[in-house]
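Colleague: Sharing a structure, written as structure tokens. Questions coming.
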Amino acid sequence: QVQLVESGGGLVQAGGSLRLSCISSGNTHSNAMGWFRQAPGKEREFVAASDFNGGSPRYADSVKGRFTISRDNQNTVTLQMDSLKPEDTAVYYCAVSRFAYSAAASIDYNAWGRGTQVTVSS
């Protein structure tokens, strides 16, 4: 059973930056990994994902150009978040896909972290 632990969340002013990290306890070298987020009163939504080798990063339109996903090694994925906006406030979840290539649908992911809170003040 893969376990994921996120870190790096916190409180930041609008325009600031945060870097989220996710470490997997299991073998995820063949799996795509991604980030999702859930704001209060809203459904969980896709943020970013990359292939098993860190290739073909994809992003939600709302974060494109501001967020960068990277696969640091087989078991670690990071999300660099720049130019943060109040609407980025949410709990951010790391996830591991069943597949090698990235996807935006949460149904493709079968392991989830417990989440880390990101709060952006205006």
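The values are calculated or read from the model by the stated rules, or taken from the named source; none is laboratory data. Keep in mind that this is a model prediction, so the values were computed, not measured. FYI the Cβ positions are ideal-geometry reconstructions off the backbone, even for glycines, and counts take in every protein chain you see. Keep in mind that these areas ignore ligands, DNA and RNA; they rest on the heavy atoms of the full protein, side chains included. Shrake-Rupley method; radii C 1.70, N 1.55, O 1.52, S 1.80 Å.
Colleague: Inside the range 3-57, can you point out the residues that are touching a residue at least 60 places away in the same chain (Cβ under 8 Å), farther than 15 Å from ASN73 by Cβ and part of a loop (DSSP other than H, G, I, E, B)?
Modeller: GLN3, GLY8, GLY9, ALA14, GLY15, GLY16, SER17, ARG44
Residues checked against (1) assigned to a loop (DSSP other than H, G, I, E, B); (2) without any contact (Cβ under 8 Å) to a residue 24 or more places away in the chain; (3) within 19 Å of GLN3 (Cβ to Cβ):
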position	(1), (2), (3)
SER62	yes, no, no
ILE69	no, no, no
LEU84	yes, no, no
ALA100	yes, no, no
ILE107	no, yes, no
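Colleague: Counting just the residues of the range 73-82 that are assigned to a strand (DSSP E or B) and in contact (Cβ under 8 Å) with a residue 12 or more places away in the chain, which one comes out farthest from THR119 (Cα to Cα)?
Modeller: Among those that are assigned to a strand (DSSP E or B) and in contact (Cβ under 8 Å) with a residue 12 or more places away in the chain, it is THR76.
Colleague: Suppose we filter the range 62-101 for residues that are under 14 Å from the mean Cα position of the chain (by Cα) and not polar (S, T, N, Q); how many remain?
Modeller: 19
Colleague: Between THR28, THR78, which is at pLDDT below 95 and open to solvent by less than 10 Å² (accessible area, probe 1.4 Å)?
Modeller: Exactly one residue qualifies, and that residue is THR28.
Colleague: Do you know which of the residues in the range 45-75 that are touching a strand residue (DSSP E or B) at 6+ places or on another chain (Cβ under 7 Å) and acidic (Asp, Glu) is surrounded by the fewest Cβ atoms within 10 Å (Cβ to Cβ)?
Modeller: Selected residue: ASP72.
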